[in-house]
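Heads up: the structure comes next, in structure tokens.
The values are calculated or read from the model by the stated rules, or taken from the named source; none is laboratory data. Just so it is clear, the model here is predicted, and its values are computed rather than measured. Note that we place each Cβ from the backbone using ideal geometry, even for glycine, and neighbour counts take in every protein chain shown. Quick note on the areas: whole protein, heavy atoms, side chains included, nothing else; ligands and nucleic acids left out. Shrake-Rupley method; radii C 1.70, N 1.55, O 1.52, S 1.80 Å.
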Amino acid sequence: FVSAGSLKYWQVAIEADLLKARKALVKVARKGGTLAYSDLLTRIGRDYANPGDRRRIGRLMVLLGETTLAEDGVLLPVAAISKQTGLPKHGVWELAERAGLYAPGKDTPEGFAEKHLKKLAKTYAKAK
């Protein structure tokens, strides 16, 4: 059993996290930079040591990617990266492929990320 109040609280919390994540990623994207997932979690008031918060980042990145792709024509979550690989994950590749921005086998992940980071910098140079 899940109460309607619990679902409403969850939705409000996700929307607040999305706004904070978008603001943090736009700030680094303007400069062509990246932000590690653990640092992004800290900036939105979450804790990387908490497994629930680590799982939350994946959902946030998918939602943020869908939103920025629809609104701005770019995948803002490309600016969020794994410290281990230096590349994004959490739905970025699926969204990029579905949008025709990335073709596995034709494009390298590193090449796509580098090119898309430049596109993010240009897109968000004048962002609010």
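For this structure, a couple of remarks:
- Members of segment 40-68 that are among the polar types (S, T, N, Q) and closer than 16 Å to residue 26 by Cβ: 67, 68
- Count - residues of segment 77-128 that are of a type in the set (A, V, I, L, M), within 16 Å of residue 37 (Cβ to Cβ) and either loosely packed, with under 13 Cβ neighbours inside 10 Å or at pLDDT below 95 (or both): 1
- Enumeration of residues in segment 69-85 that are closer than 18 Å to residue 118 by Cα and in contact (Cβ under 8 Å) with a residue 40 or more places away in the chain: 72, 73, 74, 75, 76, 77, 78, 79, 80, 81
- Residue among 53, 47 that is of a type in the set (Asp, Glu), open to solvent by 70 Å² or more (accessible area, probe 1.4 Å) and free of Cβ contacts under 8 Å to residues at least 24 places away in the same chain: 47
- Applying the criterion of being within 13 Å of residue 63 (Cα to Cα) and of a type outside the set (Lys, Arg) to the residues of segment 15-38, the residue that is nearest to the chain's Cα centre (by Cα) is 21.
- Counted residues, segment 102-128 - those being more than 15 Å from residue 31 (Cβ to Cβ) and among the hydroxyl-bearing types (Ser, Thr, Tyr): 2
- Selection over segment 110-127 of residues that are without any contact (Cβ under 8 Å) to a residue 40 or more places away in the chain and of a type outside the set (Lys, Arg) gives a count of 5.
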